[in-house]
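Accompanying notes for the structure given below.
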Amino acid sequence: MRTQTRNLLSNLTITLITCLLFTSCAEKQLEEIIEQQDGEKTMDTAESVQTAEPVVVLPGLPADVAGYTQWLKLNTEPIPLVAGGDPHNGTKNVYVNKTREDIASNGEQQFPYPDGSIVIKEAYRPGKDYVGLIAIMRKKAGVDPDHNDWEFIEYTRNAADTEFGVIAEGRICWGCHARVEDIDYVFTELE
Ligand code: HEC
């Protein structure tokens with residue numbers, strides 16, 4: 001009888017521990033899902049409070065550009081709307097996933113960009129207070145040797161609470177960016 005009670009108690013303890021472990025694990029997973037779905041909202045976790053800049057995740061964009069606002073910004077002042085027709089209609093900032101040391105080791109920017117570089121441009125549409133356009137250039141060895149191996153793709157959205165979708169890519173992009181072929185197809189230079 002005593003042994004039975006002991007067995008029962010230890011079974012109960014195991015069940016309880018398993019339950020606790022599972023719950024905390026499930027909670028964590030749920031938190032992660034909520035964070036992913038939280039879209040543009042910045043993550044309000046203890047971790048991001050410690051870092052100076054919050055991580056911005058925009059819904060519908062590829063994972064490799066998450067947190068791009070923490071990357072090196074090429075421009076110092078926002079790039080204004082180009083009067084009379086702006087290909088990326090809006091007020092813009094350009095970021096790269098490299099350090100100043102990587103791309104301007106002697107103080108001056110070096111070209112071409114190294115393999116694996118991602119250059120991203122965000123644009124706030126005229127009169128709007130959310131990012132409405134994201135244009136991306138990715139340098140991938142072998143992807144397009146005729147155009148310095150850049151892959152071009154652009155995403156847009158028309159409201160702050162919707163997902164980004166692909167609007168254009170490829171030829172239409174490099175056709176114009178070829179104007180600055182001598183500085184590796186990237187108009188904006190490091191300031
Ligand atoms: C008619 C010309 C034109 C076309 C077409 C064009 N761009 Fe651009 N792009 C520019 C100019 C000019 C800039 C410089 C910043 C600015 O003024 O917006 C720029 C900037 C960029 C940047 C930031 C890096 C840089 O070059 O300064 C990215 C990334 C970019 N464009 C991607 C694209 C993609 C992707 C497409 C195709 C969907 C595209 N562009 C089509 C003219 C063009």
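For the reader, a short list of remarks on this structure follows.
- Per-residue extension of 0.36 nm, minus the Cα-Cα distance of residue 160 and residue 55, leaves a gain of 36.1 nm for this segment.
- Using the empirical formula 2.2 N^0.38 Å as the baseline, the Cα radius of gyration of region 119-178 reaches a ratio of 1.25.
- Per principal axis, descending, Cα span of region 60-183 in whole Å: 39, 33, 29
- When 169, 122, 181 are sorted by how many other C-beta atoms sit within 10 angstrom of their C-beta, beginning with the fewest, the order is 181, 169, 122.
- Taking every C-alpha pair closer than 8 Å and separated by at least 6 residues, the mean separation divided by the residue count of region 47-191 gives a relative contact order of 19 percent.
- Each Cα pair under 8 Å and six or more residues apart adds its separation to the average, and for region 93-132 the resulting relative contact order is 43 percent.
- In plain terms, the residue of 157, 179 with the fewest other Cβ atoms within 10 Å comes first and the most crowded comes last, giving 179, 157.
- Label-to-label distance, nm, for residues given as residue 140 and residue 182 (7 Å Cα→Cβ offset): 3.0 nm
- Here the extension length gained between residue 130 and residue 167 equals 11.6 nm, from 0.36 nm per residue of separation less the Cα-Cα distance.
Coordinate-derived values only; no laboratory data. For clarity, every value in this text was computed on a predicted model and none was experimentally measured. Methodologically, a virtual Cβ is constructed for each residue, glycine included, from the backbone with ideal geometry; neighbour enumeration extends over all protein chains shown.
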